[in-house]
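Derivation of every value follows stated rules applied to the coordinates shown; laboratory data play no part. All figures in this text were calculated on a predicted structure; none of them were measured in a lab. Note that we place each Cβ from the backbone using ideal geometry, even for glycine, and neighbour counts take in every protein chain shown.
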Amino acid sequence: MFGKKRKENPARIGVGKFWAWGSREVSETTNVLIQGYLMFYCTNTLHLNPGIVGILLAVSKAIDGATDLVAGYIVDKTKSRLGKGRPYELCIFGTWICTFLMYSCPEGWGDIMKYVWVLSMYILVNALFNTFLNAGETVYMVRSFRSEQLVRINSYTGLISSGVGFIVNIITPQLVERYSSVHGGWSRIILTLGIPVLIIGIMRFVFIEEKYDLDIFQKTETIRLKDTLHMLRKNKYVWIIVIMTFITQLGSQVGLGTYYFQEVFGSIGLQSLTSAVTILALPLVFVFPKSIKKWNVRDVMLVGSICSVVGSVVCFISNTNVAMYMVGWLIVGIGSLPGTYLIKLMIFDSASYNEWKKMHRMEGTIGAVQGFAKRVGGALAAALGGLILMAVGYDAEAVTETAVMGIRVGQTLLPAFSSIIGIICLLFYDLDHKMPQINADNEKARKEALEAQNSAKTSEN
């Protein structure tokens with residue numbers, strides 16, 4: 001009885017490995033949240049036209065979308081001693097250096113130079129460094145964790161992301177309110193937040209190695225452009241992921257949150273309350289692994305999308321009622337969790353579907369196509385946010401009721417509409433039901449291929 005060893009749980013992830021992998025979530029989440037203040041920085045500190053800023057950000061994100069496709073192709077072709085996706089983690093340094101420079105534009109410059117500076121740094125951050133970070137992440141993950149661990153690592157690192165978001169969303173509005181009007185204040189804000197999270201974020205590269213070889217069928221084959229085009233024609237699930245990602249970004253990234261709190265509630269500092277409320281939803285992350293076993297990824301995401309619609313409508317109805325807005329925001333936060341943390345599982349499953357259909361897995365390419373949709377959706381959202389402000393005649397010195405209503409609609413009802421489109425897309429996603437057979441067939445094929453390779457080597461010797 002005492003001699004029996006406890007059976008190892010294949011889904012178990014060591015504490016050290018969990019925190020090492022999750023370390024870059026700290027950096028990524030902080031950077032995304034800081035960029036959410038860019039429109040506010042441009043209009044209220046650099047005194048630039050919101051419509052022009054929105055259009056320029058849209059152009060830069062369109063460029064970003066194009067580089068996503070190139071980055072995914074490059075990552076899928078990468079072969080190095082460090083691995084396939086791991087080398088691109090070093091792009092984190094470029095991300096933070098250029099983010100600092102983006103928020104350090106000399107205020108004495110003319111408007112044209114300000115536009116050029118902000119646009120250039122924004123393109124470097126998002127179209128180059130973050131693009132390769134994102135393109136390499138999925139490839140890196142599936143080669144560093146067993147298949148049984150993927151649901152857990154995706155769900156539980158979501159706790160890190162949400163926890164960091166909670167802290168940053170409390171700290172940043174206070175820093176913005178205190179330093180944004182001070183000369184060099186934005187540079188101070190970026191350094192205060194950026195240096196610690198950069199040091200933490202590089203820990204993934206330092207401690208996590210790629211251990212699992214998923215390219216057993218591709219040792220002598222090179223991925224070509226026509227392989228990518230063939231995959232896009234044959235794999236409908238990639239298109240469902242693309243449409244969902246695009247419409248979600250279009251509805252949620254208009255960048256009007258800071259304006260909402262300043263003009264509707266009268267205080268940017270109150271925006272910190274949204275994080276205090278959102279943290280209440282975090283325990284639900286622990287439910288994801290079990291809920292996916294009981295239901296599936298699609299059903300969990302459907303429930304989340306419905307919650308997002310309801311919460312967004314509550315936020316709109318709340319008007320100037322802060323308490324009611326926070327209730328709606330909590331519901332939105334609960335609804336956003338599945339889409340945020342489970343979309344990568346849909347990418348993994350789509351790659352397995354490719355393998356099942358005797359195509360290259362191409363996680364990097366699928367991730368890049370999804371990233372392309374994310375950038376293009378974000379680009380249009382950025383333009384839309386600026387155009388909404390311009391259309392309603394927003395002027396920081398004299399805010400009208402029309403401007404306030406435009407901000408309210410863009411911040412609440414637009415996300416509700418995007419969630420409804422997401423629900424429609426999910427109704428066509430039926431890959432979950434096929435995955436048990438797909439995984440079994442793929443595992444069998446890999447073992448047979450490995451045995452054939454070993455047999456060939458033995459014969460040669």
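A few notes on this one:
- Look at where the Cα atoms of the range 262-278 and of the range 159-215 average out, and the two centres are 20 Å apart.
- Each part gets one Cα centre, and for the range 39-113 versus the range 339-397 those centres are 16 Å apart.
- Simple point charges give the picture: +1 on the Cβ of Lys and Arg, -1 on the Cβ of Asp and Glu, and for the chain a dipole about the Cα centre of about 1760 debye.
- Debye log10 I(q)/I(0) for the chain, one point scatterer per Cα, at q = 0.06, 0.09 Å⁻¹: -0.27, -0.60
- By the Cα gyration tensor, the range 298-398 has an equivalent ellipsoid whose semi-axes, rounded to whole angstrom, run 35, 21, 8 from largest to smallest.
- Per-residue ellipticity at 222 nm computed for the chain from its helices equals -23500 deg cm²/dmol, with DSSP H segments shorter than 4 residues left out and the rest contributing -39,500 (n - 2.57).
- The dipole here belongs to the range 262-408: it is taken about the Cα centre, uses +1 on the Cβ of Lys and Arg and -1 on the Cβ of Asp and Glu, and is about 900 debye.
- Expressed as a fraction of 2.2 N^0.38 Å, the value expected for a compact globular protein of N residues, the C-alpha radius of gyration of the range 79-229 is 1.30.
- For the range 1-158, the equivalent ellipsoid built from the Cα gyration tensor has semi-axes of 40, 17, 12 Å, listed from largest to smallest.
- Computed magnitude of the charge dipole of the range 112-265 (debye, nearest 20; Cβ of K, R +1, Cβ of D, E -1): 260 debye
- Semi-axes of the equivalent ellipsoid for the range 87-144, Cα gyration tensor, largest first, Å: 30, 9, 5
- Contour excess over end-to-end distance, with Cα ends at ARG188 and ILE423 and 0.36 nm allotted per residue: 80.4 nm
- Degrees between helix 414-426 axis and first principal axis of the chain (Cα, 0 to 90, nearest 10): 20 degrees
- Taken over the alpha carbons of the range 173-216 as equal point scatterers, the Debye sum produces base-10 log I(q)/I(0) values at 0.14, 0.22, 0.26 Å⁻¹ of -0.52, -0.77, -0.88.
- Surface/4 of the Cα convex hull for the range 383-440, nm²: 5.9 nm²
- GLU451-VAL206 FRET efficiency (beta carbon distance; Förster radius 51 Å; 0.05 resolution): 0.90
- Convex hull volume of the Cα atoms of the range 15-54, normalised per residue: 57 Å³.
- Kirkwood hydrodynamic radius of the range 311-458, from inverse mean 1/r over distinct Cα pairs, in Å: 19.2 Å
- Compactness of the range 11-89 - radius of gyration and Dmax, Cα, Å: 18.1, 52
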